[in-house]
Amino acid sequence: MSLSQQTTSSGIQASLKRSREQKEVQIALWVIEASTSTGESKGGPAVLCAYEATNVSHELHNSEQAGARDTLGPAVSFTVPCIAGGKVYVGTASELDILGLLSQRRSSAVAM
């Protein structure tokens, strides 16, 4: 399998997730970035992005696309998303954000 490379404007902090569907292996690269939409260089919300691992120029998900529904807490350095049980867990400066399919979603944040 060949993987492509792409550099994002912020540092890459990522996890790989493999899933088997219809006898085909799909791999997503999950990345946490600091938001640039607020115009702040520090303290802005974290942004969770997913890229197709074999073509990282193809973005599969971006938490800024859903407006306030998927807004994460303040970004921190040196953290990676954790994928378990069909959900993505993102630790931020003030909370633990849990994202999943809308039909499975019960809570978006746990205060720290």
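The values are calculated or read from the model by the stated rules, or taken from the named source; none is laboratory data. The structure presented is a predicted model; accordingly, all values stated were derived computationally and were not measured. Counting neighbours? That spans all protein chains shown, and the Cβs are built from the backbone with ideal geometry, glycine included.
Could you give me the residue pairs with C-beta distances under 8 Å whose first residue belongs to the stretch 23-47 and is more than 21 Å from residue 88 (Cα to Cα) and surrounded by 13 or more Cβ atoms within 10 Å (Cβ to Cβ), whose second residue is modelled with pLDDT of 70 or more and not aromatic (Phe, Trp, Tyr) wherever it lies, and which are 6+ apart or on separate chains? If the second residue must be modelled with pLDDT of 70 or more and not aromatic (Phe, Trp, Tyr), the pairs left are 36/44. Among the conditions (1) over 25 Å from residue 102 (Cα atoms); (2) of a type outside the set (A, V, I, L, M, F, W, C); (3) modelled with pLDDT of 70 or more; (4) touching a strand residue (DSSP E or B) at 6+ places or on another chain (Cβ under 7 Å), the only one that residue 4 does not satisfy is (3). Of all residues in the stretch 72-86, those satisfying the criterion of being modelled with pLDDT of 90 or more and not aliphatic (A, V, I, L, M) are 73, 74, 81, 82.
Residue 60 versus (1) modelled with pLDDT of 60 or more; (2) crowded, with 16+ Cβ neighbours inside 10 Å: which is the lone unmet condition? Condition (2) is where residue 60 drops out. Kindly indicate the residue of the stretch 83-97 that is under 11 Å from residue 48 (Cα atoms) and hydrophobic (A, V, I, L, M, F, W, C) and also surrounded by the fewest Cβ atoms within 10 Å (Cβ to Cβ) among those meeting that condition. Result: 88.
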